[in-house]
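J.: The structure under discussion is supplied below as structure tokens; questions concerning it will follow.
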Amino acid sequence: MPPKKENKKDKKGAAAEFEEETKFQAVVLTDSYQNRFRPMTLDKPRCLLPLVNAPLIEYTLEFLATAGVDEVYIVCCSHGDQIEDYIRESKWSRPWSPFTVQTVLSPESMSVGDAMRDIDTKGLIKSDFLLISGDVVTNIQFDKVLQAHRERKIKDKNSIMTMVLREASSMHRTRSKIDPGVFILDEATDRCIRYEEITVDSTPHIAIDPELLDESNDISVRNDLIDCHIDICSADIPALFQENFDYDNLRKDFVRGILTSDLLGKTIYTHIVNDSYASRVENFQTYDAISRDIISRYTYPICPDSNLLDSQTYSYQSGHIYKENDVVLAQSCMIKSATVIGKDTFVGDGTKVDFSTIGRKCTIGNNVVIEGSYIWDNVTIEDNAIIKNSIVSSNTIIKEGAIVQSGSIVSFGVIVGKGQTIPLDTKLTINEDYVDEQDDDEESSNRLVGSDGKGIIYCESDIESDDYDEDDDSIGGHNRGALNSLVSNFYQLNVSDVSIASLSQPRKKTRRRYSTTSVTTAASDLSDLEDEEEDFMREAQLSLDRAIFENHDLDIAALELNTLRMAMNVSYHEVRLATITTLHNHIFRLVLTDTLDVKSAVNKVHNRWYPLFSRQVFDRDDQEDLLQIVLDDSSRRPAANAAKALMYTVMSFYDNDVVEEEVINKWWNSDAVKASDEKTKELLAKWIDWLQNAESDSSEEESDDE
């Protein structure tokens with residue numbers, strides 16, 4: 001008897017069931033289970049705080065829309081009702097949304113572990129899912145990451161997670177200075193062998209179990225990775241949290257626990273990106289850094305004029321200035337570079353706004369100065385007020401002549417009285433439950449905000465113990481709150497973190513391979529690398545990066561570099577190295593964000609900054625050293641564009657008389673160039689051939705003239 005023919009109805013049912021089973025899910029954790037954004041998060045969840053005038057969660061959801069996600073579960077703890085209301089009214093709940101979205105209230109959750117256990121109890125996860133924080137900004141092409149994850153799972157059935165990490169220096173501005181992580185990886189497979197969180201009270205070394213070294217002949221200790229908090233997880237992970245109630249923190253508990261367990265036998269991999277942007281707004285320091293990156297279009301296509309909200313109308317103007325419709329600017333006001341201004345905002349006569357974000361329906365008076373600050377919605381700033389490097393939350397008033405000094409946080413509803421000065425790194429709130437115990441009387445509050453003001457000092461000691469040691473008010477000689485200051489200070493680093501960063505050679509990226517005979521890497525073993533050259537490299541790159549980013553005068557940039565050189569007693573080689581590294585960082589940022597092609601990017605950067613080399617290159621030996629630095633730098637860059645960037649850089653040096661032709665020819669015949677990759681030699685050969693023929697033709701013409 002022939003087999004029974006399957007009818008169309010059965011086929012449709014099977015297809016629908018298969019489609020249901022293969023839906024890609026995402027879990028968004030809206031709560032950080034930290035207090036780093038207090039006092040603002042006393043009134044509003046972190047994921048709804050504005051970042052360049054759009055709620056933080058919009059950046060995460062925009063990424064999920066491009067990542068091919070079908071179902072999104074938004075886990076809410078603190079202020080869950082506000083998040084639920086926001087999502088309900090947002091475009092993501094409309095019929096045309098690229099995914100379905102559901103809020104999951106978990107008010108009793110105190111950690112990521114609690115949230116995952118709640119997810120497991122509700123039985124929401126059916127297959128591999130994307131776990132992400134609600135404060136992530138990224139333009140990663142996720143299809144490649146997901147494909148790599150699935151291929152790994154085929155090869156390794158025990159693989160349960162892929163952590164997406166972004167390659168960046170240990171000193172990068174978007175890398176949180178609070179509890180950075182160190183990843184120990186199998187170099188060949190990118191499997192994570194061990195994870196260590198370097199807390200503020202850690203010993204200045206890491207100890208590697210000798211047994212780990214038996215697992216691979218080639219491991220790397222990576223302190224140059226930004227943890228994006230983007231993870232592809234297997235459906236088993238919520239159950240693993242359920243089985244292990246001591247797992248609270250995703251990294252230091254779960255990842256570390258899985259990797260050190262002899263019983264589970266599970267593996268975790270990493271996917272390292274170096275051609276895309278990905279960072280998490282973890283604290284005030286990264287809030288400032290990521291805001292600047294968005295305004296400067298390093299996050300392209302995620303920029304203010306992409307208008308994440310349907311109601312936004314931002315347009316781009318030269319100098320990274322963005323304005324919405326219905327902005328009123330007095331004729332004599334000065335709106336400088338890297339500034340964003342929202343709808344229905346008025347800026348008065350003589351007011352100067354530079355490198356700042358101003359929200360909607362703000363009234364800015366006459367002769368006001370706003371620099372490097374973030375002014376949210378419905379803020380009134382009266383005449384002659386000064387605000388520098390601070391956050392001023394919605395519905396606040398800064399009265400006439402008041403001064404808000406750098407690092408200050410003015411929370412919702414605060415009024416700073418006429419002529420009052422708010423000191424550095426002060427946090428103000430109107431929530432009386434969090435008054436500073438040392439300043440809890442009405443008289444002291446009046447002294448700060450004035451008799452016509454409203455607000456109290458937020459109690460800094462309320463910051464969670466996970467971020468700071470509550471028994472110690474200082475870290476490495478610095479105030480503990482400095483690590484979470486809006487104003488980044490790269491001197492205020494964890495001693496342990498600096499030690500780990502020193503694993504790298506000063507001129508290479510921050511990684512070092514270990515042989516199978518290695519056991520422990522202690523700070524004492526690394527003392528030779530803690531030298532003035534490394535300090536200079538860090539500070540010089542920061543100085544020049546700031547000069548490029550803020551378009552400083554070239555003479556001032558050169559003076560700062562020379563001052564650093566003399567202060568730290570380093571050679572001009574180190575100055576050239578820092579200059580090339582920084583310039584090429586900017587070139588590749590322009591290329592990788594599709595802002596410019598390679599040639600245009602090299603010309604744009606070098607045409608502006610090549611005169612720096614006239615103060616660093618003095619003879620032919622210096623010229624040859626400069627070419628070698630460029631060659632070494634290109635070997636660390638993405639292969640697709642490295643050779644072109646090298647060729648156009650050498651051409652720029654020649655055209656601008658930085659390097660002589662004889663030196664270029666000598667360098668071209670050097671062993672270093674001969675050992676470079678074929679693409680580099682192929683492109684350089686064409687230009688060198690042109691250069692030599694052009695010189696030959698020129699000589700023949702001169703002979704004919706004679």
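The values are calculated or read from the model by the stated rules, or taken from the named source; none is laboratory data. Computed from a prediction, not measured in an experiment: that's the story for all the values here. Neighbour counts are summed over all protein chains in view; Cβ atoms, including those assigned to glycine, are modelled from backbone coordinates with ideal geometry.
J.: For the range 633-642, state whether one or more residues are within 26 Å of Asp555 (Cβ to Cβ), assigned by TED's automatic domain parsing to the domain that holds Asn551 and part of a helix (DSSP H, G or I).
T.: Here is the first cut: in the range 633-642, the residues within 26 Å of Asp555 (Cβ to Cβ) are 633.
Okay, now just the ones that are also assigned by TED's automatic domain parsing to the domain that holds Asn551, so 633.
This time we only want the ones that are part of a helix (DSSP H, G or I), so: 633.
Looking for residues that are within 26 Å of Asp555 (Cβ to Cβ), assigned by TED's automatic domain parsing to the domain that holds Asn551 and part of a helix (DSSP H, G or I), one finds at least one in the range 633-642, hence yes.
J.: All but one of (1) modelled with pLDDT under 75; (2) surrounded by fewer than 21 Cβ atoms within 10 Å (Cβ to Cβ) hold for Ala188; state the number of the condition that does not hold.
T.: For Ala188, the exception is condition (1).
J.: Given the options Ser279, Ser261, Ser291, name the one that is outside the structural domain of Leu592 (by TED's automatic domain parsing), over 14 Å from the mean Cα position of the chain (by Cα), polar (S, T, N, Q) and over 17 Å from Asp190 (Cα atoms).
T.: Testing whether each residue is outside the structural domain of Leu592 (by TED's automatic domain parsing), over 14 Å from the mean Cα position of the chain (by Cα), polar (S, T, N, Q) and over 17 Å from Asp190 (Cα atoms) leaves just Ser261.
J.: Of the conditions (1) assigned by TED's automatic domain parsing to the domain that holds Glu89; (2) over 12 Å from the mean Cα position of the chain (by Cα); (3) not β-branched (Val, Ile, Thr), Pro304 satisfies every one except a single condition; which number is it?
T.: Failed condition: (1).
J.: Hey, another quick one. Of all the residues that make up the range 545-570, how many are touching a residue at least 40 places away in the same chain (Cβ under 8 Å) and within 17 Å of Val605 (Cα to Cα)?
T.: Selection size over the range 545-570: 8.
J.: Scan the range 104-129 for residues that are surrounded by fewer than 24 Cβ atoms within 10 Å (Cβ to Cβ), over 10 Å from Cys77 (Cα atoms), in contact with a Cys (Cβ under 9 Å, 6 or more places away or on another chain) and of a type outside the set (Asp, Glu) and jot them down.
T.: Of everything in the range 104-129, just one residue is surrounded by fewer than 24 Cβ atoms within 10 Å (Cβ to Cβ), over 10 Å from Cys77 (Cα atoms), in contact with a Cys (Cβ under 9 Å, 6 or more places away or on another chain) and of a type outside the set (Asp, Glu), namely Ile125.
J.: Residue under question is Val602, and the condition is that it be crowded, with 19+ Cβ neighbours inside 10 Å, more than 16 Å from Lys681 (Cα to Cα), of a type in the set (Val, Ile, Thr) and modelled with pLDDT under 85; does it hold?
T.: Working: crowded, with 19+ Cβ neighbours inside 10 Å: yes; more than 16 Å from Lys681 (Cα to Cα): yes; of a type in the set (Val, Ile, Thr): yes; modelled with pLDDT under 85: no.
So Val602 does not fit the description; no.
J.: Hey, among Leu612, Leu590, which residue is buried (at least 16 other Cβ atoms within 10 Å of the Cβ), free of Cβ contacts under 8 Å to residues at least 24 places away in the same chain and either out of contact with any His (no Cβ under 7 Å at 6 or more places or on another chain) or farther than 25 Å from Ile294 by Cβ (or both)? If you could, list the steps in order and put the result at the bottom.
T.: Numbers: Leu612 fails: free of Cβ contacts under 8 Å to residues at least 24 places away in the same chain.
One residue alone meets the criteria, Leu590.
J.: Sticking with this one: When you scan the range 276-285, do you find a residue that is within 30 Å of Asn389 (Cα to Cα), part of a helix (DSSP H, G or I), in contact with a helix residue (DSSP H, G or I) (Cβ under 8 Å, 6 or more places away or on another chain) and not hydroxyl-bearing (Ser, Thr, Tyr), even just one? Quick ask: steps written out before the conclusion?
T.: The initial filter retains those residues of the range 276-285 that are within 30 Å of Asn389 (Cα to Cα), namely 276-285.
Cutting the leftovers down to part of a helix (DSSP H, G or I) gives us 284-285.
If we keep only those that are in contact with a helix residue (DSSP H, G or I) (Cβ under 8 Å, 6 or more places away or on another chain) too, we end up with 284-285.
Within this subset, residues satisfying the condition of being not hydroxyl-bearing (Ser, Thr, Tyr) are 284-285.
Yes, that holds for at least one residue.
J.: Any chance you could count how many residues in the range 646-677 are within 35 Å of the chain's Cα centre (by Cα) and not in a helix (DSSP H, G or I)?
T.: Residues in the range 646-677 being within 35 Å of the chain's Cα centre (by Cα) and not in a helix (DSSP H, G or I): 5 in total.
J.: Answer yes if at least one residue in the range 490-511 is touching a strand residue (DSSP E or B) at 6+ places or on another chain (Cβ under 8 Å), β-branched (Val, Ile, Thr), modelled with pLDDT under 50 and part of a strand (DSSP E or B), and no otherwise.
T.: Taking every residue of the range 490-511 in turn, none turns out to be touching a strand residue (DSSP E or B) at 6+ places or on another chain (Cβ under 8 Å), β-branched (Val, Ile, Thr), modelled with pLDDT under 50 and part of a strand (DSSP E or B).
J.: Anything in the range 321-343 that is surrounded by fewer than 18 Cβ atoms within 10 Å (Cβ to Cβ) and either more than 24 Å from Asn378 (Cβ to Cβ) or aromatic (Phe, Trp, Tyr) (or both)? List them, or say none.
T.: Gln331, Ser332, Ser337
J.: With the requirement that a residue be among the hydroxyl-bearing types (Ser, Thr, Tyr), at pLDDT 80 or above and farther than 20 Å from Asp621 by Cβ, what does the range 531-580 give you? Please lay out each step first, then the result.
T.: Kept after step one, since they are among the hydroxyl-bearing types (Ser, Thr, Tyr), are these residues of the range 531-580: 543, 563, 571-572, 579.
Next cut, at pLDDT 80 or above only: 543, 571-572, 579.
Listed by number, the list holds a single entry, Ser543.
J.: Cβ-Cβ under 7 Å, sequence separation 6+ or interchain: first residue in the range 292-310 and within 11 Å of His320 (Cβ to Cβ), partner of a type in the set (Phe, Trp, Tyr) and surrounded by fewer than 16 Cβ atoms within 10 Å (Cβ to Cβ). Which pairs?
T.: Listed by first residue and then by second, the contacts come to Asp305/Tyr316.
J.: Moving on. In this structure, is Phe63 crowded, with 21+ Cβ neighbours inside 10 Å, in contact (Cβ under 8 Å) with a residue 60 or more places away in the chain, aromatic (Phe, Trp, Tyr) and farther than 25 Å from Gly372 by Cα?
T.: On the way: crowded, with 21+ Cβ neighbours inside 10 Å: yes; in contact (Cβ under 8 Å) with a residue 60 or more places away in the chain: yes; aromatic (Phe, Trp, Tyr): yes; farther than 25 Å from Gly372 by Cα: yes.
Criteria met by Phe63.
J.: Do we find a residue being assigned to a loop (DSSP other than H, G, I, E, B), buried (at least 20 other Cβ atoms within 10 Å of the Cβ) and more than 22 Å from the chain's Cα centre (by Cα) anywhere in the range 311-319?
T.: yes
J.: Could you check, for the range 215-228, whether at least one of its residues is assigned to a helix (DSSP H, G or I) and closer than 30 Å to Arg94 by Cβ? Spell out the reasoning first.
T.: Step one: of the range 215-228, the residues assigned to a helix (DSSP H, G or I) are 215.
After this cut, where a residue has to be closer than 30 Å to Arg94 by Cβ as well, the list is none.
No: zero hits.
J.: Could you tell me how many of the residues in the range 253-275 are surrounded by fewer than 21 Cβ atoms within 10 Å (Cβ to Cβ), outside any strand (DSSP E or B) and in contact (Cβ under 8 Å) with a residue 60 or more places away in the chain?
T.: Summing the residues that are surrounded by fewer than 21 Cβ atoms within 10 Å (Cβ to Cβ), outside any strand (DSSP E or B) and in contact (Cβ under 8 Å) with a residue 60 or more places away in the chain in the range 253-275 gives 8.
J.: For His584, indicate whether it is touching an Asp or Glu at 6+ places or on another chain (Cβ under 9 Å), at pLDDT 85 or above, outside the structural domain of Lys336 (by TED's automatic domain parsing) and surrounded by fewer than 21 Cβ atoms within 10 Å (Cβ to Cβ). Please lay out each step first, then the result.
T.: On the way: touching an Asp or Glu at 6+ places or on another chain (Cβ under 9 Å): yes; at pLDDT 85 or above: yes; outside the structural domain of Lys336 (by TED's automatic domain parsing): yes; surrounded by fewer than 21 Cβ atoms within 10 Å (Cβ to Cβ): no.
No.
J.: List every residue pair whose Cβ atoms sit under 7 Å apart, with the two residues 6 or more apart in sequence or on different chains, where the first one lies in the range 106-127 and is over 21 Å from Met161 (Cα atoms) and modelled with pLDDT under 80 and the second, anywhere, is surrounded by 13 or more Cβ atoms within 10 Å (Cβ to Cβ) and hydrophobic (A, V, I, L, M, F, W, C).
T.: Pro107/Cys77; Ser109/Cys77; Ser109/Ala115
J.: Sticking with this one: Check Arg280 against each of (1) of a type in the set (D, E, K, R); (2) in contact with a His (Cβ under 6 Å, 6 or more places away or on another chain); (3) more than 30 Å from Asp354 (Cβ to Cβ) and name the one condition it does not meet.
T.: Status for Arg280: all satisfied but (3).
J.: How about the range 66-94: which of its residues are of a type in the set (S, T, N, Q) and in contact (Cβ under 8 Å) with a residue 40 or more places away in the chain? Lay out the reasoning, then the answer.
T.: Filtering the range 66-94 down to residues of a type in the set (S, T, N, Q) leaves 66, 78, 82, 90, 93.
Selection gives Thr66, Ser78.
J.: Sticking with this one: Please work out if Arg36 is surrounded by 17 or more Cβ atoms within 10 Å (Cβ to Cβ), outside the structural domain of Tyr374 (by TED's automatic domain parsing), of a type outside the set (S, T, N, Q) and under 21 Å from the mean Cα position of the chain (by Cα). Working first, answer last.
T.: Numbers: surrounded by 17 or more Cβ atoms within 10 Å (Cβ to Cβ): yes; outside the structural domain of Tyr374 (by TED's automatic domain parsing): yes; of a type outside the set (S, T, N, Q): yes; under 21 Å from the mean Cα position of the chain (by Cα): yes.
Yes: the conditions hold for Arg36.
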